[in-house]
Amino acid sequence: MATEKQIRKLLSKVRDPENNKNIIELGMVRNLKVNADTVSFTLAMSSLSHRFKDKIVCDAKSAVQSVDGIQAVEIFLAEMAPAEKASRQKEAGLKGEAERFNNVKHVIAIMSGKGGVGKSLVTGLLAGSLRRFGYRVGVLDADITGPSIPKMFLPEGALLDFSPKVMLPVKTRTGISVISINLFLESEDQAVIWRGPLISNTIRQFWSDVLWGDLDYLLVDLPPGTSDASLTVLQSLPMSGVVLVTSPQSLAAMVVRKAAGMIRQVGIPILGLVENMSYFVCPDTGVHHRIFGPSDSEAMARQLNMTFLGCLPIDPAVSALCDRGEIESCPGDLFDSVSQRIVKIAPAADAPKMARRAS
Ligand SMILES: Nc1ncnc2c1ncn2[C@@H]1O[C@H](COP(=O)(O)OP(=O)(O)O)[C@@H](O)[C@H]1O
Ligand SMILES: [Mg+2]
């Protein structure tokens, strides 16, 4: 009869292709039981959506089946707890593999209390505008369950480039580096149904395991609300500040107050407030219509002691460009004054080509 030691030895030949370490040394094999002609064990994955999960399971099964007399192999899957995963990564020398090479001057999160107010649009326009000014810009899509950044910037079907130890962001047409969970999924309609800790871990990895290189601005598009994921970003990334987005509705104002409270509680500067969907310009008459009612965002910003950065109109042409992955073609006058204000508050003075447009 095969012994546990013998099985462990065989399993130590199975490697996780992501880091080329064997599954025994990675601590992935648990509850190993050898019972007559049956072997059973649990494989603890760093994530149940580990991209090499099937290969590891298949290799482990073949390794054990190669033993004479073994008729059945039962493999159960489990997910490591976040703390355990972090310590394994450290032991395996993986943590921050990319982070060491990154030099990011400013990390700026775009946040609002609720969904649909245009956070992702503001993130995209701000990125495009900063890029036009010559800055080196990255966008980290921290909305894991509702990622919308790739759709705004990239042609359909864009996927990430993997190297064995780091993730390389996808470059947009104008050279903005983008990371999003959608770049890992075969189809953009695939849903991500994860629990909070896993989402937080993924966001952390988007910071520490992505080779961002030299950036002047890394913009982080947050999910709606003041959830776990938002807190993770604010507490584990070296934030320069947060841009708040609202729309001219009293409900939106209430949630902005909430979000502002949370940001201040964790001691991060609020760079300012942008009001989206402020008005619609009638194409026939040129008249401004305040579809969601009068704006009180500027007064609210004053009240909350934050800078009012500007307003954005409702513009169907802009949303059409976003839907086609061409947000970088949006007219500059839409957002350049807002981005210039942000640059003043969080300057990246020695950006190589910044004078191109600003002079
Ligand atoms: N000012 C605007 N003009 C036209 N469409 C807009 C505007 N702001 C947002 N949208 C559209 O509304 C939808 C929601 O915006 P999005 O930026 O995804 O919101 P959030 O990230 O806050 O959930 C998107 O389809 C976007 O293109
Ligand atoms: Mg969004």
Being within 16 Å of ligand 2 (Cβ to nearest atom), modelled with pLDDT under 85 and closer than 23 Å to E326 by Cβ is the requirement here; does E188 meet it?
yes
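Results for (1) outside the structural domain of F308 (by TED's automatic domain parsing); (2) exposed (fewer than 15 other Cβ atoms within 10 Å of the Cβ); (3) modelled with pLDDT of 90 or more, shown as yes or no for each residue.
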| site | (1), (2), (3) |
| --- | --- |
| I181 | no, no, no |
| W194 | no, no, no |
| S230 | no, no, no |
| L244 | no, no, yes |
| L251 | no, yes, no |
| K258 | no, yes, no |
| S278 | no, no, yes |
| T285 | no, yes, yes |
Mind listing whichever residues of segment 7-16 are without any contact (Cβ under 8 Å) to a residue 60 or more places away in the chain and either more than 31 Å from the chain's Cα centre (by Cα) or part of a loop (DSSP other than H, G, I, E, B) (or both)?
R8, K9, L10, L11, S12, K13, V14
Could you tell me whether segment 262-274 includes any residue that is away from ligand 1 (no atom under 16 Å from the Cβ), more than 23 Å from S200 (Cα to Cα) and at pLDDT 90 or above?
yes
Could you list all residues from segment 261-277 that are under 22 Å from F292 (Cα atoms) and touching a strand residue (DSSP E or B) at 6+ places or on another chain (Cβ under 7 Å)?
G272, L273, V274, E275, N276
Residues within segment 127-146 that are within 13 Å of ligand 2 (Cβ to nearest atom) and either of a type in the set (A, V, I, L, M) or crowded, with 22+ Cβ neighbours inside 10 Å (or both), tallied:
6
If I filter segment 150-160 for residues that are modelled with pLDDT of 85 or more, away from ligand 1 (no atom under 16 Å from the Cβ) and assigned to a loop (DSSP other than H, G, I, E, B), do I get at least one hit?
yes
Please go through segment 33-48 and give me each residue that is surrounded by 15 or more Cβ atoms within 10 Å (Cβ to Cβ) and among the small types (G, A, S), ordered by number.
S40, A44, S46, S47
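The values are calculated or read from the model by the stated rules, or taken from the named source; none is laboratory data. Keep in mind it's a predicted model, so treat the numbers as computed, not measured. Note: ideal-geometry Cβ built from the backbone for every residue, glycine included; neighbour counts use all protein chains shown.
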